[in-house]
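> Just dropping this structure here.
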Amino acid sequence: MKVKKFVASSMPEAMKMIRAELGNDAVILNSKVVHKKGFLGLFSRKNIEVIAAVDPKPATPPVQKIKEKRKERTESMRDEQLLKEIHELKATIRQLSQGGGVEHYPTPLKAIDAHLIDQEISDDVRAMLMSTLLQRWYTSEKNATYDEVKQWLHEEIVRALSSLSFGGISFQKKFINVVGPTGVGKTTTLAKMAADCVIKHRKKVAFITTDTYRIAAIDQLKTYAKILNVPLEVCYNLDDFRKAKEKLASYDIVFIDTAGRNFRNAQYVNDLKEMIDFNEEMETFLVLSLTAKWRDMKDIYDQFSIIPIHKLIFTKVDETSRHGAMLNMMIQCRIGAVYMTHGQNVPDDIVEATPQLVANMVTGVELR
């Protein structure tokens, strides 16, 4: 018996290929829907995979032929049903891409869509997530509960973030630079990271501050430096910064605090470039408050993007119940997070960021 596998976009197309190669006496042994991944693993395309065979021996007895015909009709009806469901899915996704179609969601998915809107997920990110959930719905038994679909959402968020860089300080760079707009808690976050390095990792730590605009900021960092028993250097220009680097050459990690200014003033970021020597020895984290609006976060990121930004830090996690802006930032800007903070206590109230933690915060559930 000659057996061969055929892959086509539809069952009629597969049958045409089978007849052309194996003849009219070919028998379909099995057929199933297979997925061909699309861009970034999303919007996968479904094909029909058919395994057919032909016996070069004398013709099959009439009774056997009848059985095979019945089997072929059964398989054909099954494939027609699958194709119908594929067409329904494509139609739904097409409506979504045109800004509508929410009324066509199954009830659990309608509730998930409402949850994403409440979490202030951007339209683009929400459409991406909902399209993957729709595909899972149409390839499942179609009786999933709301909680089960929410678990799917958790899994899809983790998958969407899995290619980004997460986690705490890698200790591969000596200088850790923290930048961001005023009022996001840069100095307190800096102290939390430094305390973690001293207490948990037993690193020799030092501070540099370029925030010479506010005396209170210098005094605050001096207090943290005294508590941790680490040196602090105050820099007013690039020459001061270079001298401070040389003076602190024997330290494992040097944390750099910068001034908080109006992020809409481009001169602020240019001043940073004049003040700090951004080189391959340095890792820079942009601090963003989760109480800010998503569009403001994006504007802040765009403003600071003239300097190398390696990861994000999200503060004030405990001051809001909506965490969608964080997910929007990471997916649309393709940048991961290093820490999240949720209070003023040093060295507490700080956790390492992970895709699972982000998904927990957005969905309100933990992955099983």
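The values are calculated or read from the model by the stated rules, or taken from the named source; none is laboratory data. Worth saying up front: this structure is predicted, and the values here are computed from it rather than measured. Here Cβ is always computed from backbone atoms with ideal geometry, including for glycine, and neighbour counts include all displayed protein chains. For accessibility, only protein heavy atoms count, side chains too; no ligands or nucleic acids. Shrake-Rupley method; radii C 1.70, N 1.55, O 1.52, S 1.80 Å.
> Within the range 220-271, take every residue that is aromatic (Phe, Trp, Tyr) and assigned to a loop (DSSP other than H, G, I, E, B) and give me the one that is modelled with the lowest pLDDT. Give the steps one after another, and end with the answer.
Looking only at the range 220-271, we keep the residues that are aromatic (Phe, Trp, Tyr), and these are 224, 236, 241, 251, 255, 263, 268.
With assigned to a loop (DSSP other than H, G, I, E, B) added as a condition, the list becomes 236, 251, 263.
Numbers: 236: 82, 251: 94, 263: 51.
The qualifying residue modelled with the lowest pLDDT is 263.
> Can you work out which of the residues in the range 273-293 that are in contact with a Ser or Thr (Cβ under 8 Å, 6 or more places away or on another chain), at pLDDT 85 or above and not in a loop (DSSP other than H, G, I, E, B) is nearest to residue 251 (Cα to Cα)?
At the first step, the residues of the range 273-293 found to be in contact with a Ser or Thr (Cβ under 8 Å, 6 or more places away or on another chain) are 275-276, 278, 283, 287-291.
With the extra rule that they be at pLDDT 85 or above, the set shrinks to 283, 287-291.
Next cut, not in a loop (DSSP other than H, G, I, E, B) only: 283, 287-289.
Details: 283: 16, 287: 24, 288: 28, 289: 30 Å.
Once the filter is applied, the top-ranked residue is 283.
> Quickly run through the range 299-308 and pick out the residues that are without any contact (Cβ under 8 Å) to a residue 40 or more places away in the chain and surrounded by 18 or more Cβ atoms within 10 Å (Cβ to Cβ).
Once the filter is applied, which keeps residues that are without any contact (Cβ under 8 Å) to a residue 40 or more places away in the chain and surrounded by 18 or more Cβ atoms within 10 Å (Cβ to Cβ), the range 299-308 yields only 301.
> If you scan the range 294-329, which residues turn out to be among the hydroxyl-bearing types (Ser, Thr, Tyr) and either assigned to a loop (DSSP other than H, G, I, E, B) or touching a Phe, Trp or Tyr at 6+ places or on another chain (Cβ under 6 Å) (or both)?
At the first step, the residues of the range 294-329 found to be among the hydroxyl-bearing types (Ser, Thr, Tyr) are 301, 305, 315, 320-321.
If the condition is that a residue be among the hydroxyl-bearing types (Ser, Thr, Tyr) and either assigned to a loop (DSSP other than H, G, I, E, B) or touching a Phe, Trp or Tyr at 6+ places or on another chain (Cβ under 6 Å) (or both), then 305, 320, 321 are the ones that fit.
> Which residues, counting only those in the range 5-47, are out of contact with any His (no Cβ under 9 Å at 6 or more places or on another chain), modelled with pLDDT under 75 and outside any strand (DSSP E or B)?
Of everything in the range 5-47, those that are out of contact with any His (no Cβ under 9 Å at 6 or more places or on another chain), modelled with pLDDT under 75 and outside any strand (DSSP E or B) turn out to be 37, 38, 39, 40, 41, 42, 43.
> Output yes when any residue across the range 179-187 is assigned to a loop (DSSP other than H, G, I, E, B), at negative phi and in contact (Cβ under 8 Å) with a residue 12 or more places away in the chain, and no when none is.
First, pick out the residues of the range 179-187 that are assigned to a loop (DSSP other than H, G, I, E, B): 180, 182-185.
If we keep only those that are at negative phi as well, we get 182, 184.
From what's left, in contact (Cβ under 8 Å) with a residue 12 or more places away in the chain: 182, 184.
Yes, because at least one residue in the range 179-187 is assigned to a loop (DSSP other than H, G, I, E, B), at negative phi and in contact (Cβ under 8 Å) with a residue 12 or more places away in the chain.
> Name every residue in the range 112-143 that is open to solvent by less than 30 Å² (accessible area, probe 1.4 Å), closer than 12 Å to residue 362 by Cα, in a helix (DSSP H, G or I) and in contact (Cβ under 8 Å) with a residue 60 or more places away in the chain, in order of residue number.
Across the range 112-143, the qualifying residue is only 116.
> Among the residues of the range 330-361, write down those that are in a helix (DSSP H, G or I) and buried (at least 23 other Cβ atoms within 10 Å of the Cβ).
330, 358, 359
> Would you confirm, using the coordinates I've provided, whether residue 313 is modelled with pLDDT of 90 or more, closer than 20 Å to residue 173 by Cα, open to solvent by less than 10 Å² (accessible area, probe 1.4 Å) and not charged (D, E, K, R)?
Numbers: modelled with pLDDT of 90 or more: yes; closer than 20 Å to residue 173 by Cα: yes; open to solvent by less than 10 Å² (accessible area, probe 1.4 Å): yes; not charged (D, E, K, R): yes.
When the stated conditions are applied, residue 313 passes them.
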